[in-house]
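One structure below.
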Amino acid sequence: MLITNQQKSQIQEVITNSLRKKFQNYNLEPASLPFYFRLHGKDRIAPHSFIHSLSTNFGTSIFESVAKSLALLNFADTQLQQWQAHKFRQRCDRLSRYHG
């Protein structure tokens, strides 16, 4: 799949903006992990917490946005954060009939 220069720059912009926003707005919340803070100390928890936060950020704000821009090559409309509950239920029903 070939992507245009415009899409490349859009992808770079999404990644750059997302990382910039994460670095500017990240704050460690010790109240949510009091046991771990007392057990391991802030110096060990802070890097782990930040890396975990980055991986979550990549999944929600970067990968989805990049996928959307790539999908626009083949589809007129794309949407993010869509839950296909009815399709999931249909598959479960088929499996339960097959195995039941």
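A few comments on the model shown:
- Candidate set: the range 51-99, residues that are of a type in the set (Val, Ile, Thr), closer than 27 Å to Ile3 by Cα and under 16 Å from the mean Cα position of the chain (by Cα); chosen: the one surrounded by the most Cβ atoms within 10 Å (Cβ to Cβ): Ile62
- Scanning the range 29-50 for residues that are within 19 Å of the chain's Cα centre (by Cα) and either part of a loop (DSSP other than H, G, I, E, B) or aromatic (Phe, Trp, Tyr) (or both) gives a single hit, Phe50.
- Flag for Ile15 being of a type in the set (A, V, I, L, M, F, W, C), surrounded by 10 or more Cβ atoms within 10 Å (Cβ to Cβ) and in a loop (DSSP other than H, G, I, E, B): no
- Filtered by the rule that a residue be of a type in the set (A, V, I, L, M) and either over 19 Å from the mean Cα position of the chain (by Cα) or over 17 Å from Gly59 (Cα atoms) (or both), the range 1-26 gives Met1, Leu2, Ile3.
- Residue within the range 63-75 that is at pLDDT 75 or above, out of contact with any strand residue (DSSP E or B) (no Cβ under 9 Å at 6 or more places or on another chain) and among the aromatic types (Phe, Trp, Tyr) present: yes
The values are calculated or read from the model by the stated rules, or taken from the named source; none is laboratory data. This one's a predicted model, so the numbers in the text were calculated from it and none came from an experiment. Don't worry about glycine lacking a Cβ; one is built from the backbone with ideal geometry, like all the others, and counts go over all protein chains shown.
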